[in-house]
Amino acid sequence: MQQQLKHISKFMSLILRHKPETIGLSLDENGWANVAELISKINEQGNNVNIDIINTVVDTNDKKRFAFNEDKTMIRANQGHSIDVELNLKPITPPDILYHGTAERFVGSILKEGLTKQQRQHVHLSLLQETAKAVGSRHGKPVILSINTKAMTEAGFIFYLSDNGVWLVNSVPVEYITV
Ligand code: HQG
């Protein structure tokens, strides 16, 4: 059961953040998909999901990656998209320091060009060093960078906080980064 939930959750991340066209699904401009349509299109791929399974994925997901709308007819990913969606995030002042977890092999390039959003819509920052370490470990030997978000705010950078607690910003120039 755990394995099946993980598999469905990963597949939902692919569909709702990156490639809805893989199963012929369309998202609206705010990233929402119709739940019934999502279920039927996932099942056309030889899966066997139902609304209870989708509910469990949404409720138990370790990073609260997905959210329903109010009447639970629509679903979307809270962040992490590579496709262009308008999440209507509100600008919010961050704490004085946030962290970015990366892999050792990226550090040279980051210290030359700063943090850039790569395939995603934003650079992702974490409140806790522990979280940053886990994020960095996905790519290799983790390195935690400290980001002087106080100075960035003073310089006019805009920060957003996703519904699942990830801090987002367009870029982080080198002068705000400490290894
Ligand atoms: C690196 C997970 C070279 C950046 C996590 C990162 C997160 C550069 C990688 C979310 C660079 C991009 C996002 C530069 C940035 N030169 N490398 N100038 N600028 N990088 O996966 O932040 O599980 O797109 O350091 O929890 O690792 O998907 O971003 O290592 O919140 O829900 O380029 O993904 O959430 O990798 O992770 P990613 P990320 P989920």
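Each reported figure results from applying straightforward, stated rules to the coordinates on display, with no laboratory input. Everything numeric in this text was worked out from a predicted model, so none of it was measured. When we count neighbours, we look across all protein chains shown, and the Cβ atoms used for this are built from the backbone with ideal geometry, even at glycine.
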*asked:* Restricting to Cα atoms and excluding each atom paired with itself, what does the Kirkwood estimate give for the chain in Å?
replied: 17.4 Å
_Pairs of Lys in the chain closer than 17 Å at Cα, counting only those 8 or more apart or on different chains_ = 10
*Distance (nanometres) between label positions extended 7 Å along Cα→Cβ at ALA151 and LYS112*: 2.2 nm
*In order through the stretch 50-66: 3J(HN,Hα) via Karplus (6.51 cos²θ - 1.76 cosθ + 1.60), integer Hz, x for Gly, Pro*: 9, 4, 5, 5, 4, 4, 5, 4, 5, 6, 9, 4, 4, 10, 6, 6, 10
_Just to verify a number: FRET efficiency for THR56 and ASN88, C-beta to C-beta distance, R0 = 22 Å, to 0.05?_
0.25
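Taking the Cβ-Cβ separation of GLN2 and HIS139 as r and a Förster radius of 30 Å, what is the calculated FRET efficiency to the nearest 0.05?
Rounded to the nearest 0.05, the efficiency is 0.75.
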*Angle between the Cα long axis of helix 2-13 and the longest principal axis of the chain, 0 to 90 degrees, nearest 10?*
70 degrees
